[in-house]
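Only one structure is covered here, and it is reproduced in the block below.
The values are calculated or read from the model by the stated rules, or taken from the named source; none is laboratory data. For clarity, every value in this text was computed on a predicted model and none was experimentally measured. Heads up, the Cβs are rebuilt from the backbone with ideal geometry, glycines too, and the neighbour counts pull from every protein chain shown.
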Amino acid sequence: MLKNKKIKIILVGGGTAGHINPLLAVYAEAIKLQEVKNKEISSHFVYIGNSGIFIDKFNELNIPVRKIVSSRLRRYASWSNLFELPKFVFSFFQSLWYIFLEKPDLVFSKGGPGSLAPVVAARFLKITVVAHESDAVPSITTKLSALFSKKIFLAFEDARKGLSPQHQKNA
């Protein structure tokens, strides 16, 4: 049995309700409820990414926010993609710094703009990464995050088809 173990979890996701709400409502609250049942294990959460209009919600739940530059992956050719690579590299180093300082046990990714850099940084630091995809068709971020994740949770069984064969076993 673990005695007075503190589990540190970094949450990452895009700044929209579709990414933030699951992080806040399901994961953070569910794990906090488990603390009531098991006083010997506590959890500490940190959010890395763009909190957008949800900053008050993070503050209300006492989840520190570490802002990073958000980079967006596009599935189509666009001149904007040229500007995204330097933003991604910068956000990778920001994420690397925050994750190094926090020394988490786990990084949980909900996907979306800005979540890939922390996922890659966590993997670089040998931190376990798990991801969640709530859509029937995996996003490009989820497909790339699968390369660095130990486990991918899917809301729809059909989403498994959108992952590469070597990553389907982790879903």
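Values as computed for the structure displayed
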{"quantity": "Checklist (1) surrounded by fewer than 18 Cβ atoms within 10 Å (Cβ to Cβ); (2) in a helix (DSSP H, G or I) applied to Val137, failing item", "calculated": "(2)"}
{"quantity": "Qualifying residue in region 39-55 (condition: of a type in the set (Asp, Glu) and modelled with pLDDT under 85)", "calculated": "yes"}
{"quantity": "Every pair of residues 6+ apart whose Cβ atoms lie under 9 Å, when the first sits in region 153-171 and is hydrophobic (A, V, I, L, M, F, W, C) while the second is modelled with pLDDT under 75 and surrounded by 12 or more Cβ atoms within 10 Å (Cβ to Cβ)", "calculated": "Phe153/Ala171; Leu154/Ala171; Ala159/Ala171; Leu163/Asn170; Leu163/Ala171"}
{"quantity": "In region 141-165, the residues that are modelled with pLDDT of 85 or more and among the polar types (S, T, N, Q)", "calculated": "Thr141, Thr142, Ser145, Ser149"}
{"quantity": "Residue in region 70-85 that is under 15 Å from Ile20 (Cα atoms) and in contact (Cβ under 8 Å) with a residue 24 or more places away in the chain present", "calculated": "yes"}
{"quantity": "Complete set of residues in region 66-104 that are under 20 Å from Lys143 (Cα atoms), of a type outside the set (S, T, N, Q) and in a helix (DSSP H, G or I)", "calculated": "Glu84, Leu85, Lys87, Phe88, Val89, Phe92"}
{"quantity": "Filter result for Ile63 (in a loop (DSSP other than H, G, I, E, B) and over 22 Å from Val137 (Cα atoms))", "calculated": "yes"}
{"quantity": "Subset of region 140-168 [polar (S, T, N, Q) and crowded, with 22+ Cβ neighbours inside 10 Å]", "calculated": "Thr141, Thr142, Ser145, Ser149"}
{"quantity": "Filter pass, Lys32 being within 25 Å of Ser134 (Cβ to Cβ) and modelled with pLDDT of 90 or more", "calculated": "no"}
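Residue-wise test of (1) more than 29 Å from Pro64 (Cβ to Cβ); (2) assigned to a strand (DSSP E or B); (3) among the β-branched types (Val, Ile, Thr).
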{"residue": "Pro113", "(1), (2), (3)": "no, no, no"}
{"residue": "Val119", "(1), (2), (3)": "no, no, yes"}
{"residue": "Leu144", "(1), (2), (3)": "no, no, no"}
{"residue": "Ile152", "(1), (2), (3)": "no, yes, yes"}
